[in-house]
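In what follows, a single structure is set out as structure tokens and then discussed.
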Amino acid sequence: MPETVYAGFAEVVGKFPNRTALMRKVDGTYKGLTYVELSQVVDELAAGLAERGVRAGDGAVASSSRHQKV
């Protein structure tokens, strides 16, 4: 079992890189986001948090609406 949520996610990305991870509505049409594409978004978010001083072991809260742009 992976030690972190991110490690588990990375395993899934490695196994199913081109499978659809989630669907989002763009200009009235639903479009898929692959695991590789979602992983890039996650990595960008992590880099942004690190730039703001968040480090491994720190607590953080994520909040989003159902109407989020990805």
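The values are calculated or read from the model by the stated rules, or taken from the named source; none is laboratory data. Being a predicted model, the structure only gives us computed values, none of them experimental. Glycine gets a Cβ as well: all are built from the backbone with ideal geometry, and neighbour counts include every protein chain shown. For the accessible areas, the whole protein counts, side chains as well, though only heavy atoms, and no ligand, DNA or RNA atoms are used. Shrake-Rupley method; radii C 1.70, N 1.55, O 1.52, S 1.80 Å.
Okay, here's what the table says:
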{"quantity": "Degrees separating the helix 5-15 axis from the principal Cα axis of the chain, which is the longest one", "calculated": "50"}
{"quantity": "Point-charge dipole on Cβ atoms (K/R +1, D/E -1) for the chain, about Cα centre, debye to 20", "calculated": "360"}
{"quantity": "Distance (nanometres) between label positions extended 7 Å along Cα→Cβ at Ala47 and Tyr6", "calculated": "1.3"}
{"quantity": "Helix-only CD estimate at 222 nm, as mean residue ellipticity for the chain, using -39500 (n - 2.57) per DSSP H run (n ≥ 4)", "calculated": "-13000 deg cm²/dmol"}
{"quantity": "Accessible-area value, Val5, 1.4 Å probe, nucleic acids and ligands omitted, Å²", "calculated": "130"}
